[in-house]
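Shown next, in structure tokens, is the structure this report addresses.
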Amino acid sequence: MLVRTPSALILLTMMLPAALLSAGCSDTASDEARTIKELEARAQSRPRQVELSLGYLHHHGPDWPVDNVRIGGPQGQEAELSRLLVVTSAVEFHLCAPTNTLGAWLYEQAIPTAAAHVPSSANRLGTPYVEDLLGPARATRMVGGVAPPVGDYCEMHVLLTPADDDIINLTDVPTSELEGHTALIEGRWRPTSDSDWQGFRWTYARHRIASTPLFNPKDGSAPLALTSPEQTALLLVDKTLTTDDLQAATWSADGPDFAPVLDRIIHAIRLYRFDRPSSP
């Protein structure tokens, strides 16, 4: 039997796919509009960033010798230093918050004792470099830059870890000799003044972290207020080494141990102030 379909039903059947298609397009357009709005909202909510350029330098104490750097031990030992190299692996800038101390401790625990190249981020420059603290004082070197969010910054963390093969090395020591060392000190020593000199090479492979206050390096005002996305600043990590620091070395039958000296160097890490009179 032939069943005739009413014309109204035929018309409805023809219109239904178009209606569904129209509804699908409407939903798709609505989803796209919603996605665009969400992306725009995320872009607007992203923190504004400033530009920080980072470098380093060091100073010597007022009693620093003009020629050879020598130290003495309690039983007449003598040592003459030719190199004192320290590796900085990362510098991190922290917003003012009560958790900085805990954060520094957790950060230190997370870095293994093996050679580590710490990745960079908006608040951290992870470009490793080596510095010879016996070299000319006040010689400024640039390392790189970061773009942290706008805000008030209270603390700088300086991380020292063993060197890897892509460290910035402007010294005369081959990079291959630095790999795996956080510090390397070379020279010669003798147990008494009438003994023959013998060479020594002291190395240190632990990771260390120094925390120091941040401030405006131009006038010393604290904290370091980065208030505008157009703002730029130059920050220099400063280390001061004195002959008194070197005298903190301990002695054994094998020669000097400079672990106490490295402790003093780490505690002396500061942000350089441009408004202070020049020191040695």
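Quick note: the coordinates plus some simple rules give every number you see, no bench work behind them. Source: prediction; values computed, not measured. Neighbour counts are summed over all protein chains in view; Cβ atoms, including those assigned to glycine, are modelled from backbone coordinates with ideal geometry.
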> H94: net charge of surrounding residues, Cβ under 11 Å, Lys/Arg +1, Asp/Glu -1, itself excluded?
Replying inline: -2
>> Please report the net charge: other residues with Cβ closer than 13 Å to the Cβ of T242, K and R +1, D and E -1.
In response: -1
>> When 1/r is averaged over all different Cα pairs and the result inverted, which Kirkwood radius in Å belongs to segment 51-272?
In response: 18.4
> Summing +1 for each Lys or Arg and -1 for each Asp or Glu, what net charge is found among the other residues whose Cβ lies under 11 Å from the Cβ of H267?
Replying inline: +2
> Ranked from highest to lowest mean number of other Cβ atoms within 10 Å per residue, what is the order of the peptides 75-82, 206-213?
Replying inline: 206-213, 75-82
